[in-house]
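Take a look at the structure below.
The values are calculated or read from the model by the stated rules, or taken from the named source; none is laboratory data. Note that the structure is predicted; figures quoted are calculated from it, not measured. Cβ atoms come from the backbone with ideal geometry, glycine included; neighbour counts cover every protein chain shown. Heads up: the accessible areas ignore ligands, DNA and RNA and are worked out on the full protein's heavy atoms, side chains in. Shrake-Rupley method; radii C 1.70, N 1.55, O 1.52, S 1.80 Å.
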Amino acid sequence: MTARIFEHARILTFDPDRPTAEAIAIDGNTITAVGTADYVRASAPAAQRIDLQGACLIPGFNDTHAHMEREGLKSLRPSLTGATSIADILAIVRAAAATTPPGEWIATMPAGTPPFFFDGVSALAEKRLPNRYELDAAAPDHPVYIQGVFGNWGKPPGHTALNSRALALNGIGPDTRPRIDGVEIERDAEGVPTGIIIEHNNRPTVEFDILPVVPRFGFDHRLEGIRRSQRLYNAKGTTSIYEGHGSAAETISVYRRLWELNELTVRAGLVVSPSWSDLTEARRIMRDWLASARGSGLGDRWLRVSGIHIAYGGDPVVACCARAHLPDTGWSGFVEQAVSPSDFREVCFLAAEFDLRLHTIVGDQLHDIVPVLQAVNERHPITARRWVIEHIGRARPEDICALKQLGIHVTTISTYYLWKGGQKYLAEPDGGDNVVPHRSLVDAGIPLAIATDNIPYDPFFTLWTTCAREERTTGQVIGPNQRLDAHTALELFTAAGAALTFDEGWKGRLKPGYVADLTVLSEDPTTLPPARLKNIDCLLTLTDGRIVHDAR
Ligand SMILES: [Zn+2]
């Protein structure tokens with residue numbers, strides 16, 4: 001690769017020594033100069049010059065709770081997008097039947113409008129999915145499965161439909177009773193299943209519970225899924241991800257294969273999602289099998305596995321059914337867990353004993369979890385180990401103070417807690433300043449990074465929800481004092497995440513010697529009102545000095 005200079009740009013470096021610049025030179029995969037146009041040209045006289053025509057250049061986004069394994073899978077199955085009636089859906093099913101060998105499955109994406117599917121079946125004139133008999137008529141020779149929405153994208157309930165062949169293959173009859181709460185089999189007056197199943201859980205459990213033979217995402221689907229995901233994430237300026245929710249063994253193995261094939265264009269930091277069923281097994285697995293995930297883990301600049309994710313709470317029946325289906329994890333990519341408060345405490349001590357960095361999703365339960373971390377820290381100091389607290393909802397000032405003292409790293413999901421799920425915080429006594437308190441976390445000096453959670457995977461949408469903090473249905477601002485300016489939010493979305501993979505010495509900022517992971521935006525986010533942040537286009541993305549997206 002020849003040396004290149006990107007010039008006529010507004011460059012935000014997130015290098016405290018030189019926050020802005022006009023030009024940047026790179027040689028191979030490394031940034032060699034940042035500064036004024038004259039200075040950078042003089043530093044590399046033979047370099048190829050690329051005129052960015054006033055666009056804004058920043059470090060590539062580091063999406064620190066990315067669920068990148070999901071995005072590409074969405075395009076592997078026929079979409080129902082645009083269907084506004086049962087007839088529309090049946091036409092899609094009929095078309096699939098015409099090109100699918102008889103007897104093979106037809107499995108589609110859910111009804112409704114992506115990426116959120118908030119409308120679900122209400123996108124259809126009849127306000128319901130086709131029943132088994134209607135699907136039978138459209139595809140008499142195929143089992144048909146219209147899957148329900150993954151509730152984390154939008155909101156439950158999710159509506160699933162199967163035809164008679166699909167019901168029979170899964171053994172669903174008048175006597176079938178789901179084991180999992182929140183799974184509802186619709187029946188006619190005689191008690192015969194209509195083919196419609198309604199799921200009220202955020203993460204669908206119906207496949208784990210009563211659909212043992214519907215099509216699954218296997219290794220090859222997931223491999224192709226992440227290939228597609230990488231292109232999509234690169235096209236939004238994302239050059240690194242961190243999977244703080246944990247990755248199942250199969251998900252890790254798919255990344256490992258892409259790494260081996262030299263096909264990664266997004267740097268991936270992964271966290272183990274364990275499949276143990278009790279504390280005895282947990283101790284043995286941590287001791288015998290997770291040595292490679294201890295401390296800063298094992299890996300290189302493209303792929304690193306470090307630490308474990310432990311849930312706080314969860315339904316034991318769901319966890320048991322989900323474990324029985326491994327290696328399949330559905331859309332999740334991680335293993336469902338059910339961890340009681342007392343087991344959580346024990347696992348935290350075990351994690352500290354074996355130097356496995358703990359990651360946990362706290363929601364509104366930070367106040368319950370902080371004392372556990374403090375107790376662990378007294379026996380096994382964790383302050384330098386970069387344990388990670390994720391998905392903070394409500395946080396009290398004293399708990400923020402404790403996190404700082406414990407050296408905890410924090411990642412947040414503005415879109416989930418403030419925009420999509422903000423309704424529960426509309427009447428907070430303090431106006432919501434304790435909810436996803438970004439400003440308080442930054443002011444306390446806590447290492448903080450923001451993330452998309454794949455809802456959607458677009459970082460510009462998350463920038464907007466972070467800066468605006470508007471609830472989805474009312475537009476009400478939750479915690480106005482916690483709004484961040486775009487420059488701070490960008491830093492949390494680019495430079496900050498590098499610390500989660502111990503990479504802050506070479507990536508995330510635009511300074512000489514750092515790696516050339518960068519993206520070019522249509523507009524400078526720091527000059528826009530919050531509402532316009534979500535409309536920024538990504539023009540160009542480089543990972544490791546290589547162009548991985550070019551829309552110029
Ligand atoms: Zn997650």
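Between Gly363, Gly330, Gly307, Gly295, which is within 30 Å of Asp517 (Cβ to Cβ), of a type outside the set (S, T, N, Q), open to solvent by less than 20 Å² (accessible area, probe 1.4 Å) and within 16 Å of the ligand (Cβ to nearest atom)?
Exactly one of Gly363, Gly330, Gly307, Gly295 is within 30 Å of Asp517 (Cβ to Cβ), of a type outside the set (S, T, N, Q), open to solvent by less than 20 Å² (accessible area, probe 1.4 Å) and within 16 Å of the ligand (Cβ to nearest atom), namely Gly307.
Given (1) open to solvent by 20 Å² or more (accessible area, probe 1.4 Å); (2) more than 16 Å from the ligand (Cβ to nearest atom); (3) part of a helix (DSSP H, G or I), identify the lone condition not met by Arg472.
Checking Arg472 against (1) open to solvent by 20 Å² or more (accessible area, probe 1.4 Å); (2) more than 16 Å from the ligand (Cβ to nearest atom); (3) part of a helix (DSSP H, G or I), the one that fails is (3).
Among the residues of the stretch 34-58 satisfying the criterion of being small (Gly, Ala, Ser) and within 21 Å of Asp537 (Cβ to Cβ), which is surrounded by the fewest Cβ atoms within 10 Å (Cβ to Cβ)?
Looking at residues that are small (Gly, Ala, Ser) and within 21 Å of Asp537 (Cβ to Cβ), I get Gly54.
Can you tell which of Thr466, Thr412, Thr383 is away from the ligand (no atom under 16 Å from the Cβ) and open to solvent by less than 40 Å² (accessible area, probe 1.4 Å)?
Thr466
Can you confirm whether Arg394 is buried (at least 19 other Cβ atoms within 10 Å of the Cβ) and either over 27 Å from Gly295 (Cβ atoms) or in contact with a His (Cβ under 6 Å, 6 or more places away or on another chain) (or both)?
Against the criterion (buried (at least 19 other Cβ atoms within 10 Å of the Cβ) and either over 27 Å from Gly295 (Cβ atoms) or in contact with a His (Cβ under 6 Å, 6 or more places away or on another chain) (or both)), Arg394 qualifies.
Go through Ala551, Ala486, Ala531, Ala444 for me and flag whichever is in contact (Cβ under 8 Å) with a residue 12 or more places away in the chain and in contact with a Cys (Cβ under 6 Å, 6 or more places away or on another chain).
Ala486
It is to be established whether one or more residues within the stretch 98-109 are farther than 20 Å from Ala125 by Cβ and open to solvent by less than 20 Å² (accessible area, probe 1.4 Å).
Scanning the stretch 98-109 turns up at least one residue that is farther than 20 Å from Ala125 by Cβ and open to solvent by less than 20 Å² (accessible area, probe 1.4 Å).
Residue by residue, here is whether (1) at pLDDT 95 or above; (2) assigned by TED's automatic domain parsing to the domain that holds Val266; (3) touching a strand residue (DSSP E or B) at 6+ places or on another chain (Cβ under 7 Å); (4) of a type in the set (D, E, K, R) holds:
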{"site": "Glu470", "(1), (2), (3), (4)": "yes, yes, yes, yes"}
{"site": "Gly475", "(1), (2), (3), (4)": "yes, yes, no, no"}
{"site": "Ile478", "(1), (2), (3), (4)": "yes, yes, yes, no"}
{"site": "Gln482", "(1), (2), (3), (4)": "yes, yes, no, no"}
{"site": "Gly497", "(1), (2), (3), (4)": "yes, yes, yes, no"}
{"site": "Thr501", "(1), (2), (3), (4)": "yes, yes, yes, no"}
{"site": "Pro512", "(1), (2), (3), (4)": "yes, no, yes, no"}
{"site": "Val520", "(1), (2), (3), (4)": "yes, no, yes, no"}
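What about Arg231, is it open to solvent by 10 Å² or more (accessible area, probe 1.4 Å), farther than 26 Å from Ala96 by Cα, away from the ligand (no atom under 16 Å from the Cβ) and at pLDDT 95 or above?
Criteria met by Arg231.
Checking the conditions here, which among Ile31, Ile89 is away from the ligand (no atom under 16 Å from the Cβ), open to solvent by less than 10 Å² (accessible area, probe 1.4 Å), among the aliphatic types (A, V, I, L, M) and not in a helix (DSSP H, G or I)?
None of the other options fit; the residue is Ile31.
May I ask you to list pairs of residues, at least six apart or on different chains, whose Cβ atoms are under 6 Å apart, with the first in the stretch 143-160 being closer than 14 Å to Gly195 by Cα and the second being among the hydroxyl-bearing types (Ser, Thr, Tyr)?
These pairs meet every condition: Ile146/Thr108; Gln147/Thr160; Gly148/Thr160.
Among the listed residues Val272, Val254, identify the single one that is of a type outside the set (Ser, Thr, Tyr), open to solvent by less than 60 Å² (accessible area, probe 1.4 Å) and within 16 Å of the ligand (Cβ to nearest atom).
Val272
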